[in-house]
Structures are given as C-alpha cells and as structure tokens.
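Student: The structure's right below; bear with me while I get my questions together.
The values are calculated or read from the model by the stated rules, or taken from the named source; none is laboratory data. These figures come from a predicted structure and were not determined experimentally. Cβ coordinates were reconstructed from backbone atoms using ideal geometry, including for glycine residues, and neighbour counts include every protein chain displayed. We work out accessible area using only protein heavy atoms, side chains counted, and drop any ligands, DNA or RNA first. Shrake-Rupley method; radii C 1.70, N 1.55, O 1.52, S 1.80 Å.
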Amino acid sequence: MSRRVVRQSKFRHVFGQAAKADQAYEDIRVSKVTWDSSFCAVNPKFLAVIVEAGGGGAFIVLPLAKTGRVDKNHPLVTGHTAPVLDIDWCPHNDNVIASASDDTTVMVWQIPDYTPMRNITEPIITLEGHSKRVGILSWHPTARNVLLSAGGDNVIIIWNVGTGEVLLSLDDMHPDIIHSVCWNRNGSLLATTCKDKTLRIVDPRKGQVVAERFAAHEGMRPMRAVFTRQGHIFTTGFTRMSQRELGLWDPNNFEEPVALQEMDTSNGVLLPFYDPDSSIIYLCGKGDSSIRYFEITDEAPFVHYLNTFSSKEPQRGMGFMPKRGLDVSKCEIARFYKLHERKCEPIIMTVPRKSDLFQDDLYPDTPGPEPALEADEWLSGQDADPVLISLRDGYVPPKHRELRVTKRNILDARPPSGPRRSQSASDAPLSQQHTLEALLQEIKALREQVQSQEQRITALENMLCELVDGTD
C-alpha cells in the first residue's frame with residue numbers, strides 16, 4: 001500500500017525571481033523614518049514610494065513603465081509639514097492615493113496620467129481629525145470613497161472622502177498605540193492589533209468589539225493581523241523569547257489557535273501580504289533579505305510552508321501589486337516592489353506551466369476597480385462582496401477618472417479671486433477646478449520653457465556663426 005508523502009498543491013513550485021536591472025527604479029531616496037509601514041504602494045498604473053524630503057514629508061509617484069534611473073528633479077507629491085508615514089492607493093480609482101503623516105493629517109491626491117512638470121502640492125482634500133501622528137491608512141474594499149485612518153491618539157476614524165466628513169470615530173476601544181488595521185473581504189469587520197497585545201475583531205458601524213484575544217503572541221514587539229478569505233485571522237508576532245511567530249485564528253473560537261508556528265529570531269516586524277485568490281500569504285520582514293510564503297488550506301497543519309525567495313540586499317519596505325496588475329500570460333501570481341536604500345526592484349512570483357493558454361485555476365475572477373456600494377449605503381448597514389472581473393484577456397486600466405468632492409465639503413475655504421463666480425461655477429466639482437488650475441499652470445510653465453529654449457537655440461546659432469566666420 002503506497003503512502004502519499006508530498007502534499008498535492010498547484011502552488012507547491014511557486015518561485016520568485018528579481019526583475020532584470022533595467023526593469024528596476026534607480027536613484028530613489030527611500031525614507032529613513034522609523035515606522036513599521038511598507039513605505040511603498042503600487043497599482044496597475046503607478047508606483048508610489050515615500051522618500052526623504054527636506055522641510056516636510058513627500059512621496060514620489062512614477063508610472064510603472066518609467067523604469068531605469070529616476071531624474072533627481074522628478075516632481076514629488078509634497079504638502080505634509082512632517083514626514084509621511086503611510087500611503088495607500090484607492091482600490092476603485094487608480095489615480096487617487098491617500099497619505100498619512102506625522103503632522104496629524106491625512107491628504108488625498110489626484111495623480112494625473114501625464115508626468116507633471118512641478119511638485120504636486122495641492123491635495124483634493126485634507127482630512128483633519130486626529131490629535132497625534134497618523135500612521136495607518138486603509139481604503140474600504142467595496143464601498144466608494146470610504147477611507148480608514150488610525151493614529152497615535154489610539155483613535156480609528158472612517159472618512160467619506162467624497163465629502164470630507166467623518167462617518168465613524170472609534171475612540172474608546174484601544175488603550176494604547178494601534179499597530180495594524182485590516183478590513184475583511186466585504187468590509188463589514190475590522191481586525192486590529194494594539195500595543196496592549198490584544199487582537200480585536202471590531203464591527204465599526206455598531207462601535208463594538210465582536211471578539212478579542214489577549215496575547216495572541218506573547219512577545220512585546222508589534223503584531224500584525226489580516227483576514228483570510230474564509231474569515232480566519234492570520235497573525236504575525238513574537239514569542240516571549242523574541243522569536244518570530246505566525247498564527248491562524250478562528251474568530252468564533254479565540255481560545256486556541258488553529259495553527260501556531262515559530263519561525264526564527266529577528267527584530268524585524270513581519271509584514272503579511274495575503275492573496276485571497278490563491279490563499280497564499282507572503283511574509284516580508286523589514287531588514288530581512290527574503291520573502292517567505294505559505295499556503296493556507298482546510299487541511300492540517302492549515303498553514304503550509306511553500307518556499308523562500310532570498311536575495312543579498314535587505315529590504316526597507318515592500319509594495320504588493322493587486323491581482324489585476326499581473327501578467328497572466330507568464331503565469332505570474334504575485335509581484336512585489338522591494339525597496340532598497342536607493343532603488344526599487346520588482347520581484348515576480350511565478351507558477352511554472354508549460355501551456356501558453358490562460359490558466360483558469362490560477363486566475364479565478366478577482367476584485368475589479370468598480371465599487372459595490374456607495375458610502376451612505378455601507379454606513380446604513382448594507383454589505384456587498386467585491387465586484388469581480390475576469391483576467392482572461394488581461395486587464396487594461398480605465399482612463400483617468402476624477403474623484404468628485406461634493407459641495408458640502410469643508411476643503412477650500414480660500415475666498416475666490418476676481419469677480420464673483422456664477423452659481424454653476426461654484427457648484428462644479430472641486431477636483432475639476434483643481435485640475436483646470438493645474439493644467440493652466442502646466443501650460444504656462446511649458447510655454448516659459450519653450451521660450452527659454454528658443455532663446456538658448458538663438459544664442460547657440462549666433463555663437464556657431466561667429467566661429468564659422470572666424471575660421472574663414
């Protein structure tokens with residue numbers, strides 16, 4: 001009687017490979033601020049990296065295709081008066097990104113498809129409500145314009161970015177600094193970890209802690225938690241002896257873990273990146289030079305080690321591409337953007353397959369860019385799973401879409417210059433007005449540049465004529 005020793009899995013042979021040198025992004029001054037966020041955010045159109053900047057906080061946004069050496073004068077997104085701590089792309093609009101800063105504010109930015117000539121300094125909206133640094137951002141997975149922020153004041157605020165209003169404020173749940181916040185698949189619950197070593201499941205609309213577990217990991221170092229597709233909680237933390245540890249928990253029974261595994265001894269916090277389509281969890285430790293990945297299944301031991309991608313350079317941060325941004329023709333199931341001290345390097349995870357046909361089993365329908373709910377619908381108690389799209393024909397990002405901010409926002413209190421605008425002009429979306437102003441500024445700057453170049457060309461032509469006359 002034969003015994004099957006090797007567990008059957010289509011992801012058993014997943015391997016990681018760093019992109020070629022010409023596909024990396026060179027000369028990026030990655031931020032040196034001490035904060036356990038990923039410092040990098042990526043979507044199918046843009047790469048954003050928090051960078052060193054004098055006189056405040058800034059991040060750089062690059063089109064994905066703009067690889068190679070980055071111009072030292074490349075425009076930045078500046079506006080914060082203190083270091084930027086976290087950035088997150090909107091899942092429903094690839095041109096909108098939010099940033100959180102040590103200056104206690106959250107700013108939401110509209111990134112144009114073209115490369116601007118100057119720094120972007122005017123956000124669409126500034127969200128002010130925290131009393132201390134804001135270090136965590138997370139967009140709602142299914143509701144339009146709903147953004148969560150968590151700050152050093154131990155408060156979680158959920159905003160409607162479309163109006164600038166606070167939808168919910170959870171200010172009595174966490175007695176200490178919040179280390180991580182994660183939405184579940186339909187955005188009805190939150191998983192939070194805190195410096196008090198407690199893992200909490202929160203219903204934000206009811207303002208209640210549904211379940212909690214003290215000392216899911218016994219060490220004092222920061223803990224991270226993410227929801228799995230099945231509704232379990234995957235955590236990373238430390239043992240009492242400072243060994244790194246991972247755990248899988250059932251929120252309906254927090255007494256005992258579904259799985260608990262010790263890993264290694266290191267100070268770096270393990271950042272978990274979860275792919276719900278494949279149920280693979282990737283663990284990237286800050287300061288590590290490797291990415292470990294595991295498959296989560298219904299069979300014991302539930303968390304199955306797959307492999308480790310190793311490189312020579314330690315990582316300062318990591319970006320994780322949404323599934324719709326991957327190359328399905330090459331059986332790519334994940335892509336990371338690893339931050340070095342002065343560059344960003346793509347790392348591609350691939351399942352080896354001989355066939356060139358579309359692999360249905362690797363690419364089930366995945367969340368697309370369309371929201372399933374409006375903010376008011378979600379707040380009223382409705383829930384909806386993400387709107388799924390097929391990747392069979394590849395994914396083409398939609399054209400530039402404006403984030404519309406409605407009239408009742410509290411953004412732009414500056415008095416209008418010049419004659420009083422008509423009612424129709426004042427009712428126009430604020431983002432549209434910002435875009436028109438930005439375009440006029442760009443056109444003016446380009447004209448000045450062209451004029452300067454023409455003068456330079458004329459001067460060079462005169463010098464050439466003088467030289468020719470001199471040789472004659």
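Student: Mind pulling the angle between the C-alpha long axis of helix 430-471 and the longest principal axis of the chain? Nearest 10 degrees, somewhere in 0 to 90.
Tutor: 50
Student: I'd like to compare 241-254, 36-49, 193-206: which one has the highest average count of other Cβ atoms within 10 Å, and what's the full order after that?
Tutor: 36-49, 193-206, 241-254
Student: Moving on to the next point. Which of the peptides 285-293, 105-113 is most tightly packed, and how do the rest follow, going by the mean number of other Cβ atoms within 10 Å of each residue?
Tutor: 105-113, 285-293
Student: Mind listing the long-range amide H neighbours of ILE136? Cut-off is under 5 Å, sequence gap 5 or more, other chains count too, H placed in the peptide plane at 1.01 Å from N.
Tutor: Hits under the 5 Å cutoff: ALA150.
Student: Moving on to the next point. Based only on Cα atoms, what mean projected area does the convex hull of region 8-60 have, in nm²?
Tutor: Mean shadow area of the hull around the Cα atoms is 6.2 nm².
Student: Convert each backbone phi in region 324-335 into a coupling constant with the Karplus relation 6.51 cos²θ - 1.76 cosθ + 1.60 (shift: θ = phi - 60°), then list the ³J(HN,Hα) values in order as whole Hz, x for Gly and Pro.
Tutor: The phi angles translate into 6, x, 8, 8, 6, 5, 10, 6, 7, 10, 6, 9 Hz.
Student: For region 1-122, what does the equivalent ellipsoid look like in terms of its semi-axes, each the square root of 5 times an eigenvalue of the Cα gyration tensor, given largest first in whole Å?
Tutor: Equivalent ellipsoid semi-axes, largest first: 35, 18, 15 Å.
Student: At 4 °C and 1.567 mPa s, grab the translational diffusion coefficient of region 301-383 from Stokes-Einstein with a Kirkwood Rh over Cα pairs, rounded to a whole number in µm² per second.
Tutor: 80
Student: For labels at MET241 and GLN17 in the simple 7 Å Cα→Cβ model, what's the distance in nm?
Tutor: Distance between label points: 4.0 nm.
Student: Projected area of the chain, taken from the Cα convex hull and averaged over every viewing direction, in nm²?
Tutor: 30.5
Student: How much accessible area does GLU122 have with a 1.4 Å probe, in Å² rounded to the nearest 10?
Tutor: 100
Student: Rank these residues by their accessible area, most exposed first, probe 1.4 Å: GLU402, GLU212.
Tutor: Listed by decreasing accessible area, they come as GLU212, GLU402.
Student: For region 166-216, take every pair of Cα atoms, bin their distances at 10 Å starting from 0, and report each bin as a whole percent.
Tutor: Final binned percentages: 25, 61, 13, 0.
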